[in-house]
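The values are calculated or read from the model by the stated rules, or taken from the named source; none is laboratory data. Note that this is a predicted model, so its numbers are computed, not measured. FYI the Cβ positions are ideal-geometry reconstructions off the backbone, even for glycines, and counts take in every protein chain you see.
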Amino acid sequence: MNSAPRPRSSSDPIAIFSLSELQEDSGACVLINDVQIAVFYLPKETPPLYALHNWDPLGKANVLYRGIVGDINGELVVASPLYKQHYSLGTGRCLEDEATRVPTYEISLEGDSVIVTLNPRRHAA
Amino acid sequence: MTTKKIVVVGNGMVGHYYVDKLATHSARHEITVLGAEPRPAYDRVHLSEVFSGKNPEDLALTTREHYKEIGVKAHFGDAVAKIDREKKEVITDLGRRFPYDKLVLATGSYPFVPPVPGSELPGCLTYRTIDDLGEIKAHAQTGKVGVVVGGGLLGLECANALKNLGLQTHVVEFAPGLMGVQLDNGGSTMLRAMIEELDVSVHTSKATQKIVPGKDRKLRMEFADGTSLETDLIVFSAGIRPNDQLAKQADLEVGERGGITIDYHCRTSDSDIFAIGECALFGGRIFGLVAPGYRMADAALSQLTDAPVSFQGADMSTKLKLLGIDVGSIGDSHGKALHNGQACASFLYSNDRERVYKKIVVSPDGKKLLGAVLVGDCSDYDTLLQFFLNDMDLPGNPESIILPADSGAEPLLSGMTLPMSATICSCLNVTKGAIVGAIEGGCCSVADVKSVTKASTGCGGCAALLKSTVDTELAARGVEINNHLCEHFAYSRQELFYLVKVGSLKSFVDILDKHGKGRGCEVCKPTVASILASLWNDYVLKKEHVGLQDTNDNFLANMQKDGTYSIVPRIPGGEITAEKLIVIGEVAKKYQLYTKITGGQRIDLFGARVNQLPDIWSELVAAGFETGHAYGKALRTVKSCVGNSWCRYGVQDSVSMAILIENRYKGIRSPHKLKSAVSGCTRECAEAQSKDFGVIATENGWNLYVCGNGGMKPRHADLFATDLDDETLIRYIDRFLMFYIRTADRLQRTSVWMNNLEGGLDYLREVVIEDKLGIAEDLESQMALLLNTYQCEWKTTIEDPEKLKRFRQFVNSDKEDTNVVFVQERGQVRPAKETEREALLTIS
Ligand code: SRM
Ligand SMILES: Cc1cc2nc3c(=O)[nH]c(=O)nc-3n(C[C@H](O)[C@H](O)[C@H](O)COP(=O)(O)OP(=O)(O)OC[C@H]3O[C@@H](n4cnc5c(N)ncnc54)[C@H](O)[C@@H]3O)c2cc1C
Ligand code: SF4
Ligand code: FES
C-alpha cells in the first residue's frame, strides 16, 4: 500500500533523519512547517514505517505518538494514550468512530534515512 | 385492582422483603412501614460478623432514601402499641394512627430469658439486634469472662462472638447435649469435643438457679447441682419467643405456646390481617429461619395479585460454621420417625482423628434420603440436600455419599444431574429452572445470573452449587467461559503469569511467539509488561519493554488532558522535611507548575511538558527525591497518622511503620495500583480500612486489614490477623501481596479480587498464614528478589542519554507543542479551556 515517495524537489516540505532516532515498536514526533506528525517504526511489518497527524481529534491534544501500537483483527493501530480509541496506522480511520479520521502522510526509508513528507497518503476510502 | 392502604408492622428481614417486593412489583398500593428499631431493616443473619470486623452499617438491607425512592412511607423507632380492628387502624407508642385496608404483622421474635432470679441484673444480656451488639461490646470491654446460656445454634454463634471479643468463654446448656434440635448424640458429642479444643468451656445438664453479684467477677451463676460460675456478662440465648402481643391484644388467634396462627395464605383469623416471619405459627410450628419467612412473605404478597401461591411449611435444613466448625443438619436428623410403619435405616461415618462425623438416615428400602447430620465437614451438604429436597433416588450404596471419596471420583451430583425443579438457592427460592431461564435470556456469567435471579444473595451457602450449575449450563450451550486477556492471548492474566514464570520468558516477543498470536495491543502489552516487572523487575524503559508501556509508564509521569504531565515525588508515609518542601517549591516555581496536595499525603506538580520532565527530575533526584510511581500499576502511597511520637492516643509509632512499608514495597508492579496506610490507634486517622492493605496499631502490636478500597466502589477492608509483631506483619504482607500479584486479573484491585476469590478471607488466611498451598517460601523469595532489584526509574533514566532522547517533543526540532496553553487561576497555571485557547492563539 505504501506508495514509493515521489521524486523530491528542494521546495518539498520534508523531514529527513536517521532511523536510529526511532525506537522499535514505538512512536516519535516530527515537525514539518508547524505540522506535528506522529511516526511509528514497526520493523517486523511491511512497510515498517507509518505517519499520522499527531492530533487526537477525540482526546483533543497532540499525543498520538505516545500511544501503544498493535493490531485489532489484523489491522495495525495506535491506541490514543488519552481515552484509548484506536486509529488505523494505514488509513487513519478511527475504529470506534466511523466519522473520525486522522490524516496520514507519506513516509519511507532510504538506506538509513527516514523521509517524511507533508504529502497526504492516498488509500482506498 | 384498586389502590389499597397496606400497613406493615415490623421492619426486620421478612417485613423488609415483603415491602421491597410489593413496592417494586405493584406500585399502586400505598405502603406504610412501622418499625420499632431505630433503623431500617438489616441482615440479622450476619449479625455476628460485626464482631469479626464488619460495621453495623454494612449489614443494612435498605435505607430511608431507598424507601423514599420506591414510594414507601417509613417510620422508625416507634412501635405499634395497638390494633383497632373495627376502625381498621393501628396506634403507635407515640399515639400516631395509621389506617389500613390490609395489615401485615412481621414483628419477628424476641430472645427468651428464663425466669431465673437475678436475670435482670446489669450484665445479663440478649443477642438479637444491633443495639444488643453495642451492649455486649460495652460489657466485654471491662470484663474477662463471658457466659452464654443456651447451647443451640444461636448460643454457639454467640459464644463465637464472645471469643472474638477476647473473653474467656463458657457455654451453659440445660440439656445433656449441644444443638439438640439439629444434631443426634454422636454429632453433638463430636461438636462438643471440637468446641472444647477451642478453649470454650462447655457445661451441659446445668440448670441455673439464680444469679447474684459475684466476688471476683461481676456476677455469679449458681446451679441446681450446687456448683457455681463467676462471670462478667451473661448472654441468654435459650430460644426465641414470637412477638405476638399485638395479636393477643386484638384477639387474633394465637397458639397455645405463642405465635400468630396463620393459614396457607398467611392470613390470621382476621382475613385483612396477615402474619409472616418468626411471629407466625403455621401447622403448630414457628419457623426460626429467614428462608421460610421469605416464603410466607411471597404467599402473603400473592394475595394482592392474580396468581395466589400458598405457604406449605418449609424445610429447616441448615448449614453453618460455628466457631469455625462446619455443622449441617437435614430433615429428620434423629431418624426417629417411622416410615410407612417401618424403622428407617441409618449409615454413620465417624473419624475421631480428623474430627469428622457424618450420618445419613434413609428410608427402609434405602431409596430415599430422610435426614442427615454433618459435623466437621459439610462438603456433602449440597449433594445431600438436593437428594432430600427433590426426593431423588439414592445410589445403590447410599453410604458412598458420606464415605471419603477416592481421589479422582466424579462428584455424585452437579448442576448437570439435578432436575429443573431443584431448588438451588433456598434463601431466595430460586430453582434450577429459573437459572436456566436466565441463561436462555442472555445471562453469560454467575454475576449476571445473580443479578437477574437474586440467587446466592442471601446466606451465600449456595454459591458453589450456583457456579457449577451456571458453568455446566453455559458449557452445554457451547459458551466458552472466556477470561482471555484479549484477541492476542487466549489466557487469563493468572495463566499467562504462570506460563511466563515457568518458561522463564523475558520479553513480549518471546511470550507472543510462544503463547499468543498477532502483534499485541494496548491491553496485553501493558499486562505483559506488568507480569515481566513482577517476575524479573527489569528497568521498565529497557529497549524491549518500552513499546509495551502505557504512556504514563512510558514517560514515567501521568498524562493530563492537554498532553502535559504531572510529577509526583515519593514522600514516604507523608513525612517531609522543610528542606525538601522548599526544593519542591523551588522546582514548581522555576518550571511554573501547578501544585496541589493530593489525597494521598503528597504533592503533585502539574503542567510539565514532556521535554521538561528530565530536567525537573534531575533537580528532584539531586535533592534526594525518588519517583512516586503515581503513573504505575504499583504501590502508590502509604498514608500514616502522626502516631505515638506526638499524638496523646497513639499506641505505636505509625509513621515509622508507614515509612518502612512504603520503602519496602515501592516500585513493585502489580495487577492494579496498591495503596496502604498505618494508623497509630483505633481512632484510625490514616483510614487504613479503606486500603488494599492497612495496618492499625494495638497495645500489643499491629492488626492487619486487607482488600479495602475507596474509589468507585468502596469496600471496607477485612480484618486479617491481629496483634502481630513487626516481623510477622511484614511477612504476612509479603505473602499477601505476592499471592495477589500472581493470581489477580488485569486491573483488578485487591477488593474485587477478594470478592471473586473462592473461599474468600478464610482461604486467604489458609494460604498466607497456614501456608496450605506450600508456597509461602516461594512467595517470600519472589518478593525478596523484587526488593533487591529496586531502582528509582527516574534516577536510572536521567543517567542514560540514550533514554532521554525519548523525552524530546520532536525528533527534528527544539520547538514545543503550541497547543499547550495555560491561563492563570488563583495565582497558578491551569490548561486553557478550548474557547480561551482559541482566543489566546488568535491574538498571538
Ligand atoms: C492526584 C490525585 C487526586 C488529588 O488531587 O488528590 C488522584 C488523581 C488521579 N487518580 Fe485517584 N488520585 C488521587 C487519590 C485517589 C484516592 C485517595 C487515596 O489514595 O487515598 C482514591 C481512592 C482510594 C482508592 O484508590 O481506593 C483514588 C481513586 C482513583 C480511582 C478509582 C480506583 C478504584 O479502584 O476504585 C482511579 C481510576 C483507576 O485507577 O482506574 C483513579 C485515577 C486517578 C488518575 C490516575 C486518573 C487519570 O488516569 O488521569 C488521576 C491522575 C493523577 C495525576 O495525574 O497525577 N483514582 N484516587 C490523588 C493522588 C494520590 C497520590 O498521592 O498518589
Ligand atoms: C445472631 C443470629 C443469627 C441468625 N442466623 C441465622 C441463619 O444463619 N440462618 C437463618 O435462616 N436465620 C438465622 N437467624 C434468624 C433470622 O434472623 C430470623 O429468622 C429473621 O430475622 C426473621 O425475620 P423477621 O422479619 O420475621 O423478624 P425480625 O428480623 O426479628 O424483625 C422483626 C422486627 O419487628 C420489630 N417489631 C416487633 N414488634 C413491633 C411492633 N409492635 N411495632 C413495630 N415493630 C415491631 C422488631 O423490632 C424487629 O425489628 C439468626 C438470628 C440471629 C439473632
Ligand atoms: S489514629 Fe490514633 S494515634 Fe493516629 S493520629 Fe489518630 S488518634 Fe492519634
Ligand atoms: S441459599 Fe442462601 S443465598 Fe442461596
- request: Please give the number of the condition B:T472 fails out of (1) in a helix (DSSP H, G or I); (2) on the phi > 0 side of the Ramachandran plot; (3) hydroxyl-bearing (S, T, Y).
  value: (2)
- line: B:G134 vs (1) surrounded by fewer than 21 Cβ atoms within 10 Å (Cβ to Cβ); (2) in a loop (DSSP other than H, G, I, E, B): all pass except (2)
query: Mind checking which residues of the stretch B:289-330 are β-branched (V, I, T) and surrounded by fewer than 18 Cβ atoms within 10 Å (Cβ to Cβ)?
result: B:T305, B:V309
query: Can you name every residue in the stretch B:523-555 that is among the acidic types (D, E) and within 14 Å of chain A (Cβ to nearest Cβ)?
result: B:E544, B:D550, B:D553
- request: Collect the residues in the stretch B:32-61 that are in a helix (DSSP H, G or I) and either within 16 Å of ligand 1 (Cβ to nearest atom) or aromatic (F, W, Y) (or both), keeping them in residue-number order.
  value: B:F51
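Here's the yes/no breakdown for (1) within 17 Å of B:F112 (Cβ to Cβ); (2) at pLDDT below 95:
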| site | (1), (2) |
| --- | --- |
| B:G180 | yes, yes |
| B:F223 | no, yes |
| B:S237 | yes, yes |
| B:I240 | yes, yes |
| B:E256 | yes, yes |
| B:T268 | no, no |
- line: Of the listed residues (B:T818, B:T789, B:T796), the one being at the interface with chain A (Cβ under 10 Å from one of its Cβ atoms) and farther than 19 Å from A:G27 by Cβ is B:T818
message: Quick check on this structure: which one of B:Y17, B:Y100, B:Y67 is without any contact (Cβ under 8 Å) to a residue 60 or more places away in the chain, among the aromatic types (F, W, Y) and crowded, with 18+ Cβ neighbours inside 10 Å?
response: B:Y67
- prompt: Does any residue of the stretch B:514-522 turn out to be modelled with pLDDT of 90 or more, touching a helix residue (DSSP H, G or I) at 6+ places or on another chain (Cβ under 6 Å) and away from every other protein chain (no Cβ under 11 Å)?
  reply: yes
message: When the residues of the stretch A:16-38 are narrowed to those that are assigned to a loop (DSSP other than H, G, I, E, B) and touching a residue at least 60 places away in the same chain (Cβ under 8 Å), which ends up nearest to the other protein chains (Cβ to nearest Cβ)?
response: A:L22
task: Mind listing just one residue for me: the one in the stretch B:778-831 that is touching a residue at least 12 places away in the same chain (Cβ under 8 Å) and among the hydroxyl-bearing types (S, T, Y) and, of those, surrounded by the fewest Cβ atoms within 10 Å (Cβ to Cβ)?
output: B:T818
message: With the requirement that a residue be within 15 Å of ligand 1 (Cβ to nearest atom), not hydroxyl-bearing (S, T, Y) and not in a loop (DSSP other than H, G, I, E, B), what does the stretch B:660-681 give you?
response: B:I661, B:E662, B:R669, B:L674, B:K675, B:A677, B:V678
- line: Sole miss for B:L246 among (1) more than 33 Å from the chain's Cα centre (by Cα); (2) buried (at least 19 other Cβ atoms within 10 Å of the Cβ); (3) part of a loop (DSSP other than H, G, I, E, B) is condition (3)
- request: From B:S645, B:S618, grab the single residue that is among the polar types (S, T, N, Q), touching a helix residue (DSSP H, G or I) at 6+ places or on another chain (Cβ under 6 Å) and more than 16 Å from ligand 2 (Cβ to nearest atom).
  value: B:S618
Residue, surrounded by the most Cβ atoms within 10 Å (Cβ to Cβ), within the stretch A:78-88, restricted to residues that are within 11 Å of chain B (Cβ to nearest Cβ) and not small (G, A, S): A:V78
- request: Give the residue, chosen from A:E75, A:E110, A:E106, that is within 14 Å of another protein chain (Cβ to nearest Cβ) and acidic (D, E).
  value: A:E75
- prompt: B:S507 versus (1) away from chain A (no Cβ under 14 Å); (2) of a type in the set (S, T, Y); (3) surrounded by 15 or more Cβ atoms within 10 Å (Cβ to Cβ): which is the lone unmet condition?
  reply: (1)
message: Looking only at strands (runs of 3 or more DSSP E) that lie completely in the stretch B:267-325, which have at least 2 residues being within 16 Å of ligand 4 (Cβ to nearest atom)?
response: B:318-322
Residues that are within 12 Å of another protein chain (Cβ to nearest Cβ) and buried (at least 21 other Cβ atoms within 10 Å of the Cβ), drawn from the stretch B:559-578: B:M559, B:D562, B:G563, B:T564, B:Y565
Among (1) more than 8 Å from chain B (Cβ to nearest Cβ); (2) within 24 Å of B:E838 (Cβ to Cβ); (3) surrounded by fewer than 17 Cβ atoms within 10 Å (Cβ to Cβ) - the single one A:K60 does not satisfy: (1)
message: Please go through the stretch B:672-722 and give me each residue that is near ligand 3 (Cβ under 10 Å from one of its atoms), without any contact (Cβ under 8 Å) to a residue 24 or more places away in the chain and crowded, with 20+ Cβ neighbours inside 10 Å, ordered by number.
response: B:I696
query: Mind checking whether some residue in the stretch B:821-838 is closer than 23 Å to B:G667 by Cβ and of a type outside the set (D, E, K, R)?
result: no
query: farther than 18 Å from B:G152 by Cβ, buried (at least 21 other Cβ atoms within 10 Å of the Cβ) and among the aromatic types (F, W, Y) - does that describe any residue in the stretch B:331-347?
result: no
field: One residue from B:S363, B:S346, B:S350 being in contact (Cβ under 8 Å) with a residue 40 or more places away in the chain and among the polar types (S, T, N, Q)
entry: B:S350
statement: The residue from B:S407, B:S333, B:S414, B:S346 that alone is at negative phi, hydroxyl-bearing (S, T, Y) and at pLDDT 80 or above is B:S346
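Listed here are the residues, each with its yes/no results for (1) assigned to a strand (DSSP E or B); (2) closer than 17 Å to B:D272 by Cβ.
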position: B:K82; (1), (2): yes, yes
position: B:K87; (1), (2): no, yes
position: B:I91; (1), (2): yes, yes
position: B:G95; (1), (2): no, no
position: B:F98; (1), (2): yes, yes
position: B:Y110; (1), (2): yes, no
position: B:P115; (1), (2): no, no
position: B:G118; (1), (2): no, no
task: Output the residues belonging to the stretch B:682-707 that are part of a loop (DSSP other than H, G, I, E, B) and under 26 Å from B:D778 (Cβ atoms).
output: B:K691, B:D692, B:C707
message: When you scan the stretch B:718-735, do you find a residue that is modelled with pLDDT of 95 or more and assigned to a loop (DSSP other than H, G, I, E, B), even just one?
response: yes
task: Pull up the stretch B:448-467, narrow it to residues that are polar (S, T, N, Q) and near ligand 4 (Cβ under 9 Å from one of its atoms), then point me to the one that is farthest from B:V430 (Cα to Cα).
output: B:T457
